[in-house]
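These notes concern the structure reproduced below.
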């Protein structure tokens, strides 16, 4: 299910956030220059989990949609393209359905 809002290009910082969340979801290391942002992301997720009463962070709400958005981006920097290529390679090495929500996994 696709909508016009999902197809809209992301800003450079939003694209970086999507890449970072996907790196976390696939448990691959972020580039060194993104380590602080990754720690910040984990802290924000823990805070959100505590605020909603969960005991552990739930991770990105929809990694599958995030990956789809990342694949549709144009005008990515060389660093963003390298990170996306690393994510694609990591996804190739994971079990099918890894990025799907738990309710849709087969």
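Laboratory data are not the source of any read-out in this text; all were calculated from the coordinates shown. Keep in mind that this is a model prediction, so the values were computed, not measured. Every residue, glycine among them, receives a Cβ derived from its backbone with ideal geometry; neighbour counts consider all protein chains shown.
Can you give the FRET efficiency to the nearest 0.05 for residue 14 and residue 64, using r as the Cβ-Cβ distance and R₀ = 22 Å?
0.85
Residue 43 to residue 78: extension gain in nm, 0.36 nm per residue of separation minus the Cα-Cα distance? Intermediate values should be presented prior to the final figure.
Values: separation 35, 0.36 × 35 = 12.60 nm, distance 2.78 nm.
Working it through step by step, the gained length comes to 9.8 nm.
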